[in-house]
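First up is the structure itself, then whatever we jot down about it.
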There are 2 protein chains.
Amino acid sequence: MAVTIHDVAKRAGVNSSTVSRVINGKATITPETKEKVYSAMRELDYHPNALARSLASGLSGAIGVVVDAQDADAFSNVFFSRSLFAIEQVAQSRGYQVIIANGANSHGTRVETLVKERKVDGLILPPSTVKPALMRSIGEFPYVVLGMPDTLRGDTCWVDNNNEQGGELAARHLLDCGYGSLAYLGGDQKRGFTKRRVRGFRKAAGEHAPVYSTDGTAEDAYAAASKLLKSENAPCAFVCNDNLSAFGLLRACRELSLPVPARVGVVAFDNYPLAEYTDPPLTIVDIDTAMLGEQSARLLFRRIDNRTGCQQIMLSTALIERKSTERMK
Amino acid sequence: MAVTIHDVAKRAGVNSSTVSRVINGKATITPETKEKVYSAMRELDYHPNALARSLASGLSGAIGVVVDAQDADAFSNVFFSRSLFAIEQVAQSRGYQVIIANGANSHGTRVETLVKERKVDGLILPPSTVKPALMRSIGEFPYVVLGMPDTLRGDTCWVDNNNEQGGELAARHLLDCGYGSLAYLGGDQKRGFTKRRVRGFRKAAGEHAPVYSTDGTAEDAYAAASKLLKSENAPCAFVCNDNLSAFGLLRACRELSLPVPARVGVVAFDNYPLAEYTDPPLTIVDIDTAMLGEQSARLLFRRIDNRTGCQQIMLSTALIERKSTERMK
DNA sequence: AAATACCATGCAACCGTTTGCATTAACAGT
DNA sequence: ACTGTTAATGCAAACGGTTGCATGGTATTT
């Protein structure tokens, strides 16, 4: 019922293989023949069947982006969606589809299925999925990790922002502004990226600069900050592990009537769309999530094209100065 | 190289069609035969080739979720990602993949390609893509619009929250609290959902209740609110078209030392993760985006299974009372 | 002019499933 | 014991492309 390559071939008076070659541009074809084929295609409104194409070529024409979200909010996290947008753009420019897969619940079987059933030609994985068992199972299959895996191996391809540099950048900025004692607020110390941010933070703030972990909610950061700010030697400035922690901190400052940035300085990681609209607007260690997505997709396609080579890409972070910090005279 | 259904068949001592039937469970098979096939599959670590399956069955095993985003932020909008999460869950439970496609740039050709090249078995579309030309082109192909299309036709399948009811709910709540004069802030009056929200708002607040449109940024809402609040007969309470507008409004109130909720009441549409952490936390007309996603996916699969029938689903919104409104004595 | 090279196209096998129809065997009904 | 059903499985033709090899023809070389 649908028009096939054979219908086009018949109409153009050529063989279907010729039509195929015209479509794929993989051989020398006379201009006249080309023209005949093109007009036949146009006249019949022909669209190649991607399914048949995939079977014959052995390529699915899709890449998979795996997410590891328990709940909708982790999924909707800006980091993920901005990267996804960029990934989709790169894929689109190559004629590839992007399949998203939430693989949290099943121990990697979701990912394995994608690979083994040939539903994708490559994968972009979150660091949490990078486990020896899975890696062994997918073998040479092209994949790129979006984020630095906790267990580093030389043969793993990944793209990440430089969290250590970011932590250092934030602390140094606060120091340059003239804030005295610094503290790090928020985050789970078991997560690799938090550890790296803290490491950078301490590089500038001193090896014994205090670090206060939270459960990741603004509520918890608020509680921790309130307690802290009331204490004897309260820190003058904070590097927050994320925007939510900064929100909690800001609230605590407001309630204790500690003006930001005059009395307390705040720098936070991640650039939520709303970070500009807090009171005061947050100074931010910006992570170029779009670039992260773009680079990971490009790297993945490089691996798909040519299975050799493995790279790690690290992107620097940048400071966006807003109103939650100020240079003191 | 990869193990095929024939390898399994040979090992189990049966015909490949039998293996196929075992896999798909579409015929009566002796328990012994079944067992033989299963163990052969296990021993060979067989995974059916989804590509071949698709070709033979004519089903791609994927649905497409189309986005209409110019830039990364529209893409990362919570509405979209929470729905996407839910859609993915439903699809996963049916063994389907979810393909995301950003179709803004090309006048529907992206969507057409997905359909014509048989890359998806169904589509979830944003209202903006619903144009006669596209609809004609994809014909009977199963799709569901996530959001009420501006041009309503009886044969279009859609799922949306009840914006009119939400607008009314918000206004009525403010009235119940005892706020005097109401105004609507933010949004583009050309967008259908804004119009519907306003219509509901006016149903409760009165046909001539003022409406102030903005370009959608918090900045613009801030400017509009500042000017408005300084004027003679400033409104006592606002229904904001979105969280960003509410942010701008809150800032204006803060600067003018108008306490919220004592002097000014604020209700906003959409429940951003950060709306809980503003100062004061926002009273919200909550839109169950996850449910929206789930319903649209379920409806889509119903259409894929059985091409007849077309439905419209409208979900009620709910009010989440927080601290930006209060009942006055 | 004959030999050589190469270009454009056709032929047919193959990619790994699904599925309608044919076949066989077993079993029930008379 | 013989035929009519039915249940389980096999056979082979699709599904709609891609691609290695063969072929015929034209252009280039000697």
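The values are calculated or read from the model by the stated rules, or taken from the named source; none is laboratory data. Predicted model, so just to flag it, every value in this text is computed and none were measured. Reconstructed Cβ throughout: ideal geometry from the backbone, glycine too, with neighbour counts over all protein chains shown.
Taking the range A:171-193 on its own, how many of its residues are under 21 Å from the mean Cα position of the chain (by Cα) and either assigned to a strand (DSSP E or B) or farther than 23 Å from A:Ala297 by Cα (or both)? Quick ask: steps written out before the conclusion?
Our first condition is that a residue be under 21 Å from the mean Cα position of the chain (by Cα); within the range A:171-193, this holds for A:186-193.
Of the ones still in play, those that are also either assigned to a strand (DSSP E or B) or farther than 23 Å from A:Ala297 by Cα (or both) are A:186-191.
Going through the range A:171-193 one residue at a time, the tally reaches 6.
Take B:Pro142 and decide whether it is surrounded by fewer than 16 Cβ atoms within 10 Å (Cβ to Cβ), under 28 Å from A:Ala2 (Cα atoms) and not assigned by TED's automatic domain parsing to the domain that holds B:Gly248.
Working: surrounded by fewer than 16 Cβ atoms within 10 Å (Cβ to Cβ): no; under 28 Å from A:Ala2 (Cα atoms): yes; not assigned by TED's automatic domain parsing to the domain that holds B:Gly248: yes.
Against the criterion (surrounded by fewer than 16 Cβ atoms within 10 Å (Cβ to Cβ), under 28 Å from A:Ala2 (Cα atoms) and not assigned by TED's automatic domain parsing to the domain that holds B:Gly248), B:Pro142 does not qualify.
Return a yes/no flag: does the range A:313-327 have any residue that is surrounded by 22 or more Cβ atoms within 10 Å (Cβ to Cβ) and more than 17 Å from B:Thr278 (Cβ to Cβ).
Pass one, the range A:313-327, residues surrounded by 22 or more Cβ atoms within 10 Å (Cβ to Cβ): A:317, A:324-325.
Among the residues that remain, those that are also more than 17 Å from B:Thr278 (Cβ to Cβ) are: A:317, A:325.
Yes, that holds for at least one residue.
Please go through the range A:83-127 and give me each residue that is at pLDDT below 85 and assigned to a helix (DSSP H, G or I), ordered by number.
First, the residues of the range A:83-127 that are at pLDDT below 85: A:103-109.
Passing the criteria: only A:Thr109.
What residue, among those in the range A:128-139 that are touching a residue at least 24 places away in the same chain (Cβ under 8 Å) and assigned to a helix (DSSP H, G or I), is surrounded by the fewest Cβ atoms within 10 Å (Cβ to Cβ)?
Checking each candidate, the answer is A:Ala133.
Residue by residue, here is whether (1) of a type in the set (Val, Ile, Thr); (2) surrounded by 24 or more Cβ atoms within 10 Å (Cβ to Cβ); (3) not assigned by TED's automatic domain parsing to the domain that holds B:Val67 holds:
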| position | (1), (2), (3) |
| --- | --- |
| B:Arg153 | no, no, no |
| B:His173 | no, no, yes |
| B:Gly180 | no, no, yes |
| B:Ala205 | no, yes, yes |
| B:Ala209 | no, no, yes |
| B:Ala223 | no, no, yes |
| B:Ala246 | no, yes, yes |
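Exactly one of these conditions fails for A:Phe85: (1) more than 30 Å from A:Ile287 (Cα to Cα); (2) away from DNA strand D (no atom under 16 Å from the Cβ); (3) within 9 Å of chain B (Cβ to nearest Cβ). Give me its number.
Going through the list (1) more than 30 Å from A:Ile287 (Cα to Cα); (2) away from DNA strand D (no atom under 16 Å from the Cβ); (3) within 9 Å of chain B (Cβ to nearest Cβ), A:Phe85 breaks only (1).
How many of the residues making up the range A:253-272 are within 10 Å of chain B (Cβ to nearest Cβ) and over 19 Å from B:Tyr272 (Cβ atoms)? Reasoning before the result, please.
Step one: filter the range A:253-272 for residues within 10 Å of chain B (Cβ to nearest Cβ), giving A:254-255, A:272.
Next cut, over 19 Å from B:Tyr272 (Cβ atoms) only: A:254-255.
Final tally of qualifying residues: 2.
Condition first: near DNA strand C (Cβ under 8 Å from one of its atoms) and not polar (S, T, N, Q). Now tell me which residues in the range B:8-26 satisfy that.
Within the range B:8-26, B:Val8, B:Val19, B:Arg21, B:Ile23, B:Lys26 qualify.
Could you count how many residues in the range B:140-170 are over 19 Å from the mean Cα position of the chain (by Cα) and touching a residue at least 24 places away in the same chain (Cβ under 8 Å)?
Our first condition is that a residue be over 19 Å from the mean Cα position of the chain (by Cα); within the range B:140-170, this holds for B:140-141, B:153-155, B:168-170.
Of the ones still in play, those that are also touching a residue at least 24 places away in the same chain (Cβ under 8 Å) are B:140-141, B:154-155, B:168-170.
Going through the range B:140-170 one residue at a time, the tally reaches 7.
List pairs: first in the range B:27-39 and of a type in the set (A, V, I, L, M, F, W, C), second modelled with pLDDT of 90 or more and more than 6 Å from DNA strand D (Cβ to nearest atom), Cβ under 7 Å, 6+ apart or cross-chain?
B:Ala27/B:Arg21; B:Ile29/B:Arg21; B:Ile29/B:Val22; B:Val37/B:Val8; B:Val37/B:Ala12; B:Val37/B:Val19; B:Val37/B:Val22
List the pairs whose first member sits in the range B:40-57 and is without any contact (Cβ under 8 Å) to a residue 12 or more places away in the chain, whose second member is within 6 Å of DNA strand C (Cβ to nearest atom), and whose Cβ atoms are under 7 Å apart, counting only residues at least 6 apart or on separate chains?
Short answer, once both residue conditions are applied: B:Leu51/A:Leu55; B:Ala52/A:Leu55; B:Leu55/A:Leu55.
Name the residues in the range B:276-292 that are within 9 Å of another protein chain (Cβ to nearest Cβ) and either touching a Pro at 6+ places or on another chain (Cβ under 7 Å) or crowded, with 22+ Cβ neighbours inside 10 Å (or both), would you? Outline the logic, then answer.
Step one: of the range B:276-292, the residues within 9 Å of another protein chain (Cβ to nearest Cβ) are B:276-279, B:289-290.
Result: B:Tyr277, B:Thr278, B:Thr289.
What tally of residues in the range A:135-181 results from selecting those that are over 30 Å from A:Lys329 (Cα atoms) and touching a Ser or Thr at 6+ places or on another chain (Cβ under 7 Å)? Outline the logic, then answer.
Taking the range A:135-181 and keeping what is over 30 Å from A:Lys329 (Cα atoms), we get A:135-162.
With touching a Ser or Thr at 6+ places or on another chain (Cβ under 7 Å) added as a condition, the list becomes A:144-146, A:149, A:159, A:161-162.
The number of residues fulfilling the criteria is 7.
So that you can scan it fast, the table gives a plain yes or no per residue for (1) within 14 Å of chain B (Cβ to nearest Cβ); (2) at pLDDT 95 or above; (3) in contact with a strand residue (DSSP E or B) (Cβ under 6 Å, 6 or more places away or on another chain):
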{"residue": "A:Ala218", "(1), (2), (3)": "yes, no, no"}
{"residue": "A:Cys240", "(1), (2), (3)": "yes, yes, yes"}
{"residue": "A:Arg251", "(1), (2), (3)": "yes, no, no"}
{"residue": "A:Cys310", "(1), (2), (3)": "no, no, no"}
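Would you call A:Leu55 near DNA strand C (Cβ under 8 Å from one of its atoms) and under 22 Å from B:Leu59 (Cβ atoms)? Before the answer, list the steps.
Numbers: near DNA strand C (Cβ under 8 Å from one of its atoms): yes; under 22 Å from B:Leu59 (Cβ atoms): yes.
Taking the combined requirement at face value, the residue satisfies it.
Would you check if A:Arg118 is among the basic types (Lys, Arg) and at negative phi? Working first, answer last.
Numbers: among the basic types (Lys, Arg): yes; at negative phi: no.
So A:Arg118 fails the test.
Is one or more of the residues making up the range A:256-265 in contact (Cβ under 8 Å) with a residue 40 or more places away in the chain, outside any loop (DSSP other than H, G, I, E, B) and not assigned by TED's automatic domain parsing to the domain that holds A:Tyr143?
Yes: one or more hits.
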